[in-house]
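Student: Could you have a look at this structure, given as structure tokens, before my questions?
A short reminder: the numbers here are calculations on the coordinates, not readings from a lab. Please read these numbers as outputs of a predicted model, since none were measured by experiment. All Cβ positions, even for glycine, are placed from backbone atoms using ideal geometry, and neighbour counts span all protein chains on display.
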Amino acid sequence: MQERERVIVSCLVALLLVLAGGFVFHRDERFAGSLEGGMLGLSAAALMFIPLLYLLVKRIPFFKRRVTPHTSMRTLLAIHIYAGIIGPILAILHSGHKFNSTVGIWLTLMMLIVVVSGFLGRYLMGRVSTEIRDKQIMLAALQKQYDSLASDLRLDPAAIVRIRRWSGFFRRLAAPFVFPSDADSSREPFSKAVSLSTSIADVEYAIHTHQTAKEVFRKWLMCHIIIAIVFYTLLVLHIWSEWYFGIRWLL
């Protein structure tokens, strides 16, 4: 997610949460059934079905082969994100903060969970992936420096003896304090070797941690999809009930 897009989406999500919390201070019993409220509801429903297009194109090769030559997946993802947030904003306005029915309450709750989970998954997974790439580049550079220094140290038998003295677990933990990272590398190559090995271990641990977090977010994405299925089921039920008990009697 680009920085500008992230700021805009973050503001829209914040607006959605503020509007959703407005039921504490405001409630209009008739607005949802008014002409203005009905138009907002229809617009919200139309926008909330648009994100399904991205899922169909991404998951079904038949649609992907026919859509992507004309519209990129990046564009479809942007439409997915904005429609998936603006639609719920209009839905909250349509409700007039009247949450009296069980379906309406669960529909609103699922809608908020889908939006927030999708936002967190998209934002945090993107950040984690970027962090992993940066750490891998850093690790490669540190490993290259360490390999070069190790080749020089192998030519010095005295240095090998000193390294073996610090091979124990507790001595290895104490080594960074005995040989600080700011030591003059030209006078003390062994200090630099200790510093590089510590840095490599730290970066490898960071990569492992970020990869674990990425796996967690992948599972969270599956939860997001399952919640979205529940949400769309409730949305269809809500639209059907409004048609059956309301609009069809006006025709």
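Student: Taking each pair of different alpha-carbon atoms in the range 1-144 once, compute 1/r for the pair, average those values, and report the inverse of that mean as the Kirkwood hydrodynamic radius in Å to one decimal.
Tutor: In the range 1-144 this quantity evaluates to 17.3 Å.
Student: As a footprinting exposure proxy, order 27, 66 by other Cβ within 10 Å, with the fewest listed first.
Tutor: Listing 27, 66 from fewest to most nearby Cβ atoms yields 66, 27.
Student: Beyond a 30 Å Cα-Cα separation, which of these cross-linked pairs lie in this structure: 144/214; 98/219; 135/219?
Tutor: 98/219
Student: Give the order of 120, 90 when sorted by the count of other beta carbons within 10 angstrom, beginning with the fewest.
Tutor: Lowest count first: 120, 90.
Student: Any chance you could run the full-extension gain for residue 200 through residue 50? It's 0.36 nm times the residue separation minus the Cα-Cα distance, nm to one decimal.
Tutor: Fully extending the segment from residue 200 to residue 50 adds 49.4 nm.
Student: Give me the orientation-averaged projected area of the Cα convex hull of the range 25-94, in nm², one decimal.
Tutor: 5.7
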